[in-house]
Amino acid sequence: MFKKNNLIYIFITSFLLATAPDWNCDGDGIFDNIFSYESSGSVTAAVFIDGINAGTSEDDMLGAFVGEELRGIGVATEIVFGPYVGTYQFLTMIFSNQSSGETIEFKFYDAETDAVYDITETYSYVADMTLGNAVKSIHLPNFI
């Protein structure tokens, strides 16, 4: 017979094992190495799976990478106006020490499934770039 204490242990263990990636080590929603870079650019993105907005939780995150190096994070921000009202987008600052020429890759952390997905779309970094906004975000629809 399954005891109540066993059920509580499984629940607590499952909760403790489900952890977000350490992209935002101090939990403040700001990229931790901001002072290591000379320039920045911004991307406002929505993540879609099969045409449906995958950003469904304030705990979802978008990571911007150059190779394996984390260069920026976007925490889920609920949109309260316009065509995407009620969905989440990722207002992401991306950092570099070059004015251009680096390829930005993205990874999406889905808090509901506790999984990180590689996104196939890439963008070329240009200092001071501004891609997308809350009304017309870039769409990151394809996963590897």
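The values are calculated or read from the model by the stated rules, or taken from the named source; none is laboratory data. Note that the structure is a prediction, hence the values are computed from the model and not measured. Cβ sites come from the backbone with ideal geometry, for glycine too, and all protein chains shown count toward neighbours. Each accessible area value is taken on the protein alone, full model and side chains, heavy atoms only, with ligands, DNA and RNA left out. Shrake-Rupley method; radii C 1.70, N 1.55, O 1.52, S 1.80 Å.
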What tally of residues in segment 126-144 results from selecting those that are in a strand (DSSP E or B), modelled with pLDDT under 90 and among the aliphatic types (A, V, I, L, M)? 2
Qualifying position, being in a strand (DSSP E or B), hydroxyl-bearing (Ser, Thr, Tyr), in contact (Cβ under 8 Å) with a residue 24 or more places away in the chain and open to solvent by less than 50 Å² (accessible area, probe 1.4 Å), among Tyr109, Tyr117, Tyr123: Tyr109
